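These notes are about the structure you will find just below.
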Amino acid sequence: DVKVTQSSRYLVKRTGEKVFLECVQDMDHENMFWYRQDPGLGLRLIYFSYDVKMKEKGDIPEGYSVSREKKERFSLILESASTNQTSMYLCASSSQFGTVYEQYFGPGTRLTVT
Amino acid sequence: AQSVAQPEDQVNVAEGNPLTVKCTYSVSGNPYLFWYVQYPNRGLQFLLKYITGDNLVKGSYGFEAEFNKSQTSFHLKKPSALVSDSALYFCAVRIPNSNSGYALNFGKGTSLLVTP
């Protein structure tokens with residue numbers, strides 16, 4: 001089974017702190033994604049990566065950056081956390097090849113910025 | 001622009017009754033369509049997908065969905081609802097060869113409540 005893990009289930013940070021959210025997948029997937037989920041807004045794509053050291057902006061990249069130094073790991077960075085970044089953050093991965101197009105999700109990190 | 005829409009924020013069904021969760025899409029070409037389910041405080045779990053072929057696709061936990069190109073819909077269905085089906089359901093679309101690569105565009109979600 002595909003497994004996507006995220007470093008924390010719950011996180012509380014203060015305004016202005018630098019925050020790192022880590023995601024690891026064990027299926028050798030090429031693609032990795034970061035979404036944020038807010039009530040009534042569904043999932044919105046922040047960044048995605050289709051290869052090591054490659055990254056592409058999604059729909060709402062402002063205030064975020066990412067890092068992908070190894071194929072299995074994709075990190076989301078909040079350079080200076082703000083209260084409007086309080087949200088559920090979901091990481092996902094998928095294969096670039098074959099006929100399996102669906103994404104596999106981690107359990108999510110609920111981030112609260114105070 | 002939103003390329004997939006879930007017109008209902010919440011659907012209420014009695015246990016044992018059939019359920020339908022609606023999804024419509026608004027993209028050109030032949031989209032790849034997906035349904036995911038999210039239980040409280042959990043990540044999303046894949047239920048089923050339509051890529052090509054038979055318009056009726058079957059997925060996990062007894063769910064199925066019908067792709068209707070003329071109505072641009074991909075409604076999720078189950079013949080007999082269970083209380084344990086209560087969760088948040090997301091429809092998603094991947095546009096082949098889009099500039100967004102392999103990302104999915106998600107609807108806003110529909111909360112399904114199945115009452116005993």
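The values are calculated or read from the model by the stated rules, or taken from the named source; none is laboratory data. Keep in mind that what you see is a predicted model, and the values were worked out from it rather than measured. Cβ: placed from backbone, ideal geometry, glycine included. Neighbour counts: every protein chain shown. Just so you know, the surface numbers come from the protein's heavy atoms only, side chains and all, with ligands and any DNA or RNA stripped out. Shrake-Rupley method; radii C 1.70, N 1.55, O 1.52, S 1.80 Å.
Summary of computed values
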quantity: Strands (runs of 3 or more DSSP E) fully within region B:5-69 counting 3 or more residues that are among the hydrophobic types (A, V, I, L, M, F, W, C); calculated: B:10-14, B:32-38, B:44-50
quantity: Hits in region A:16-51 - residues which are more than 14 Å from every other protein chain (Cβ to nearest Cβ) and either closer than 17 Å to A:Val4 by Cα or buried (at least 16 other Cβ atoms within 10 Å of the Cβ) (or both); calculated: A:Val19, A:Phe20, A:Glu22, A:Asp26, A:Asp28
quantity: Criterion violated by A:Glu62 - all others in (1) in a loop (DSSP other than H, G, I, E, B); (2) touching a residue at least 40 places away in the same chain (Cβ under 8 Å); (3) loosely packed, with under 15 Cβ neighbours inside 10 Å satisfied; calculated: (2)
quantity: Residues of region A:1-51 that turn out to be part of a strand (DSSP E or B) and either in contact with an Asp or Glu (Cβ under 6 Å, 6 or more places away or on another chain) or farther than 12 Å from A:Cys91 by Cβ (or both), as a count; calculated: 13
quantity: Test: residue in region A:83-101 that is hydroxyl-bearing (Ser, Thr, Tyr), more than 14 Å from chain B (Cβ to nearest Cβ), touching a residue at least 12 places away in the same chain (Cβ under 8 Å) and surrounded by fewer than 20 Cβ atoms within 10 Å (Cβ to Cβ); calculated: yes
quantity: Residue in region B:43-56 that is touching a Cys at 6+ places or on another chain (Cβ under 9 Å) and either closer than 21 Å to A:Pro107 by Cβ or within 11 Å of another protein chain (Cβ to nearest Cβ) (or both) present; calculated: yes
quantity: Pick from region B:101-116, criterion facing chain A (nearest Cβ under 10 Å) and open to solvent by 60 Å² or more (accessible area, probe 1.4 Å), ranking: nearest to B:Lys22 (Cα to Cα); calculated: B:Lys108
